[in-house]
Amino acid sequence: MNNYPGLFVLAAILGLNSVIAGAEDITPYALTATDQKNHAELIKKLSADQLKAISNVYHDFRILKLCSGRFSGADQDELVLGILKSVDSKDQGKREVHRVGLLWKGKAWEAHNIDAELEKDEAISRSHPMRWQYTFTKKGFSGDMKCGIESEFSDGADLTYGLGDKPFFDLKEKGLVNNKPVCFATDDVYNNWDCVVYSPQDGRFRLWFQQANAD
């Protein structure tokens, strides 16, 4: 991702003067100094166009988590983020933290609400609602996420087919072998995960693999 030196441009887009200040005015959660510092660092990884695409939907947001990869098969890296939305964001959803895919559409960046798109897969899910398990503590935000995780299905890895769980569809068969999956922890005790992949044919993120077993 481009790291634009003109940070005043970013400030104009998102009002970064409020980044280091408290976030109590936009969320029921008082973010820690660690969260605010993390946001200030992560936001530098986004270009001005990427920031604009997100801020068009999520006003005065905070980035809590970020990973990059080629999720839609585009010819450049894209982003999946954990975003704390403000109370007046256009896309309110059901939870205070949204999983957002920022994908390159050839000429512009497009923000996808992964949580909302997964609702269309309720019928196949073995663990509905499909929620990312995260917490806010005195130490800051905590939520496990894995990007480009196909190689992590191996002995000793968190993700495994050994428990009997299988992908809901074959990536190669669907023409998605170059689209990197993303996995989100779904339990704070057990080694459970939801893995999603973006399908250009469907125009959304789809539930690809679900590990919903006790250790």
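What follows is calculated from the coordinates using simple rules that are stated; it is not laboratory data. Predicted model, so just to flag it, every value in this text is computed and none were measured. Virtual Cβ from ideal backbone geometry, glycine too; neighbours counted across all protein chains shown.
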Next item on the list: Distance check, please: which entries in LYS105/LYS180; LYS52/LYS105; LYS52/LYS139; LYS37/LYS180 exceed 26 angstrom between their Cα atoms?
Entry: LYS52/LYS139; LYS37/LYS180
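How far, in nm, would the chain grow between ALA108 and ALA30 when pulled straight, counting 0.36 nm per residue and subtracting the alpha carbon separation?
Working: separation 78, 0.36 × 78 = 28.08 nm, distance 3.33 nm.
Length gained, ALA108 through ALA30: 24.7 nm.
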Checklist line | Using a Förster distance of 30 Å, the FRET efficiency for SER127-GLU173 (Cβ separation, nearest 0.05) | finding: 0.80
Checklist line | Theoretical gain in end-to-end length, ASP75 to TYR161 [0.36 nm per residue, Cα-Cα removed] | finding: 28.0 nm
